[in-house]
Amino acid sequence: MNAEFEFFQSNTLVDMAYKEIKKDITLNTLKPGQKIILRDLCERYGISETPIKQALNRLLMEGLIESAPRKSMRVKRIKLEEIDELLEIRLMIETFYVNRILQTLKSNPEIKEKFLKNLEEHRKVVENIEGLNDFYRHLSLDQEFHQIYIECSDNKKVLQIYNNLGTHIYMYHVYWKQGKARMKEAFQEHKAIFDALVIFDENKLLEMVKKHIYNTKQDIQQIWEKQV
């Protein structure tokens, strides 16, 4: 096996481990505050220690995992204040780049097709959502929509910062208790954002983006209060 293939295989395993651990955090299989046992993860995913460690370090950088005493790690406990702050940052990014996003959409019609594909898949999911895996798909498509949107800013560093905010994963810890009605409302809000995009209405787009994030914050606040 040559060095180039070993490097490619190693990175593939790191990506696989990263996605599986992230999914288990999202689905609450790995619970907030739970200590990470390296051996257990290796057995669960059938992956050796080195890729698992590298994946955990990525999640540590993203804030989904935190350091614990004696050089151990645990799943980070989420606080409502953190979600609020992260959503504020998200709002700043999504509104600041509105003009550039519209310009990118004008010059690259293929992006419109990416939005349409996402919306069609999302529509099917929210109309037939049942179990946790369906909700995870809903969450992934929700995140994908916003990633496509931020990609239109043409700023790779901003996209990296945006993805590292982790708001979609953090929100899961309270958001999974929302009803199907709110999921459908969130999808309709995405549709309203898209509609404003395709008619290149900057004021309408700003209005819809602000409304979407405001409703998200309100919904999380209500669910959180019911849990306390």
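Each reported figure results from applying straightforward, stated rules to the coordinates on display, with no laboratory input. Just so you know, these numbers come straight off a predicted model, no measurement behind them. Methodologically, a virtual Cβ is constructed for each residue, glycine included, from the backbone with ideal geometry; neighbour enumeration extends over all protein chains shown.
Assorted remarks:
- Cβ-Cβ distance of GLU113 and GLU81, R₀ of 45 Å, FRET efficiency by 1/(1 + (r/R0)^6): the value works out to about 0.70.
- Dipole check for the chain: with +1 at the C-beta of Lys and Arg, -1 at the C-beta of Asp and Glu, and the Cα centre as origin, the magnitude is about 600 Debye.
- Residue-span extension gain [THR95 to LYS19] - 0.36 nm each, minus C-alpha spacing: 24.5 nm
- Neighbours of LEU116 by Cβ distance under 14 Å: Lys/Arg scored +1, Asp/Glu scored -1, total 0.
- When the convex hull of its Cα atoms is viewed from all sides, the range 80-227 shows a mean projected area of 8.1 nm².
- Going from the fewest other Cβ atoms within 10 Å to the most, the residues LEU139, LEU27 appear in the order LEU27, LEU139.
- Virtual spin-label span in nm between GLN160 and ILE148, 7 Å along Cα→Cβ: 2.5
- Mean residue ellipticity (222 nm) of the chain, computed from DSSP H runs ≥ 4 via -39,500 (n - 2.57), nearest 500: -25500 deg cm²/dmol
- GNM flexibility winner over the chain from LYS112, LYS79, LYS71 (Cα, springs under 10 Å): LYS71
- Long-range amide H partners of ALA68 with built H, under 5 Å: MET73, ARG74
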